[in-house]
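Comments concern the structure below.
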Amino acid sequence: MTDGGPFFDDLGDLRTQMIRTAKAIVDDHWPSPDRCPICRVAACTARGNAAYYLEVVGEPPYVPNLLTRAA
Ligand SMILES: [Zn+2]
């Protein structure tokens, strides 16, 4: 996606930072095994919001690498 123009470069950086943050939230709030380890509920709002943001900005659904996490 090309926005073009110097004005949008800052927004691109912000978008990249937001995506990075959203993925970190998904990582932290991923159910283990069946509920959020932070919120202690199955339906974690933080993870839902982060996943929704990624969807809105056009990112593919993000899933933590469970193989490395399980090690
Ligand atoms: Zn949570």
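All of the numbers you see were taken from the coordinates with simple rules; none came from a lab. Every value quoted in this text rests on a predicted model; they were computed, and no experiment measured them. Ideal geometry is used to build each Cβ from the backbone, glycine not excepted, and the neighbour counts take in all protein chains shown.
What's the exposure ranking of Asp27, Asp9, Asp34, going from fewest to most Cβ atoms within 10 Å? Don't skip to the answer; put the middle values down first.
Details: Asp27 15, Asp9 11, Asp34 6.
Neighbour counts put them in this order, fewest first: Asp34, Asp9, Asp27.
You can think of it this way: the chain between Arg20 and Asn49 has 9.1 nm of extra reach, that is 0.36 nm per residue less the Cα-Cα gap.
Relative contact order, whole percent, for the stretch 6-69 stands at 29, derived from Cα pairs under 8 Å and 6 or more residues apart.
Write down the Å³ per residue value for the convex hull defined by the alpha carbon atoms of the stretch 6-69.
Working: hull volume 5.6 nm³, N = 64.
Once divided by residue count, the hull of the stretch 6-69 is 87 Å³.
For the stretch 10-71, run through the trypsin sites (Lys or Arg not before Pro) and keep only the ones in DSSP coil with at most 16 other Cβ atoms within 10 Å of their Cβ. Please list the in-between numbers first.
Working: sites: Arg15, Arg20, Lys23, Arg35, Arg40, Arg47, Arg69; in loops: Arg35, Arg40.
Listed in order of number, the matching sites are Arg35, Arg40.
The label point for Cys39 and the one for Glu59, both projected 7 Å from the Cα toward the Cβ, are 1.6 nm apart.
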